[in-house]
Amino acid sequence: HYPLRRQRQMCIRDSLCLAHAAAAEQLGAADGSAALLECVAPRMPPMLNCNAAGALCNAAAASPQLARRIVELGAVGTVVALIDPSSSEQPPAVVDQAGALLANLAALPEGRDAGADAGVPRVAVELLDDPSEVVRTVAARSLAHLAVSHERNCAASADAGALGALLGILALGPAQTVLDVTTHSDAQVCASTAAARDLGAVSRGGAPSPAV
């Protein structure tokens, strides 16, 4: 089985260059996303999980049409099964790539619906406590995207304690009202701020901002 596994790894690494629309369309025409998604399944080795999720993440970012196809294939549920902290423990690199894929898919209405059905808000909130700053950043970005015009996701995020966790990341507790930018990266601060803003807007009866 080793040569076949090595072959898969090489093919997926080649697919990681899918950062522009033309390459993404080629993947869609061959329905290569289905084969990549098989490699995201929890039963696969972490390296395959990581590389396949990264390739799908790039493809989804480059092509909304392909992103919808990835959602249709059941990617959201597969990724949740892979990185749900309550049922599995994965290396930070795997959670980073898989979480980024969830965030990209949540930029679409179909992805937000699938996220609500698969319990992504709860998983993302739990990942806000992850030791890895990269993982916390993709979790916050997922929450921000999930909240856009989606009451179910906002309610689920609030029930899971998203606002408290996000404010904790931003160091905005009762005893500290000034953001300590020395302990957080720009990416983590931006993602956390966006998620807290959108969830806060919905809790006040307003409308969240468009996904970015």
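Here are the numbers for this structure:
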quantity: From the C-alpha gyration tensor of the stretch 100-170, square roots of 5λ in Å; calculated: 18, 13, 9
quantity: Principal axis dimensions, the stretch 24-121 - Cα atoms, whole angstrom, descending; calculated: 34, 27, 17
quantity: Karplus-derived 3J(HN,Hα), 6.51/-1.76/1.60, for each residue of the stretch 44-50, Hz, glycine and proline x; calculated: 7, x, x, 5, 5, 3, 5
quantity: Accessible area of the stretch 105-156 divided out per residue, in Å², using a probe of 1.4 angstrom; calculated: 36 Å²
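The values are calculated or read from the model by the stated rules, or taken from the named source; none is laboratory data. What you are looking at is a predicted structure, and each value in this text was computed from that prediction instead of being measured. Heavy atoms of the whole protein, side chains included, go into the accessibility calculation; ligands, DNA and RNA do not. Shrake-Rupley method; radii C 1.70, N 1.55, O 1.52, S 1.80 Å.
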